[in-house]
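Reading through the structure tokens given below for one structure.
The values are calculated or read from the model by the stated rules, or taken from the named source; none is laboratory data. The model shown is predicted, which means the values in this text are computed figures rather than measured ones. When we count neighbours, we look across all protein chains shown, and the Cβ atoms used for this are built from the backbone with ideal geometry, even at glycine.
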Amino acid sequence: MQDSELKYFKEILESRKEQIIKNIKGVNEELNQLSSMELNDEGDHASVDNSSMVESAIVQQQEQELREINVTLGKIVTGDYGICEMCEDPIGFQRLKVKPHAIYCIDCREIVEKSR
């Protein structure tokens, strides 16, 4: 992979990382506000509980993506970026454009998904 392509993907990954961190902070602040609200009836409690569950699920998903991005940024530093972890072939540029933190090429991703 060319240096210009690495720089391109590194910028995308760092930008996404910043956005995820902001999102997680915002959701955590929202959850703290929800938990400090005075609730008057069971409907309010149910609504807050439902919102909290949804927000927590979103945070978990974004934390997972953040971990994947951090690993990928490390691969850029070590020169391993863009290499499929299963077959060790290069991951296609178009695939990386869609998912810059992809660890599998399209063929291997399908194999992994079918085996789940």
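What the table below lists for this structure:
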quantity: Residue in the range 94-107 that is touching a helix residue (DSSP H, G or I) at 6+ places or on another chain (Cβ under 9 Å), modelled with pLDDT of 80 or more and of a type in the set (D, E) present; calculated: no
quantity: Members of the range 64-84 that are at pLDDT 95 or above and of a type in the set (D, E, K, R); calculated: E65, R67, E68, K75
quantity: The range 68-106: number of residues that are acidic (D, E) and in a helix (DSSP H, G or I); calculated: 1
quantity: Residue under evaluation E110, criteria (1) outside any loop (DSSP other than H, G, I, E, B); (2) surrounded by 13 or more Cβ atoms within 10 Å (Cβ to Cβ), criterion not met; calculated: (2)
quantity: Filtered residues of the range 87-104 (kept if among the hydrophobic types (A, V, I, L, M, F, W, C), closer than 19 Å to R67 by Cα and surrounded by 13 or more Cβ atoms within 10 Å (Cβ to Cβ)); calculated: L96, A102, I103
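Residue-wise test of (1) more than 30 Å from D80 (Cα to Cα); (2) at pLDDT 95 or above; (3) part of a helix (DSSP H, G or I).
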position: M1; (1), (2), (3): no, no, no
position: E5; (1), (2), (3): no, no, yes
position: F9; (1), (2), (3): no, yes, yes
position: Q19; (1), (2), (3): no, yes, yes
position: N32; (1), (2), (3): yes, no, yes
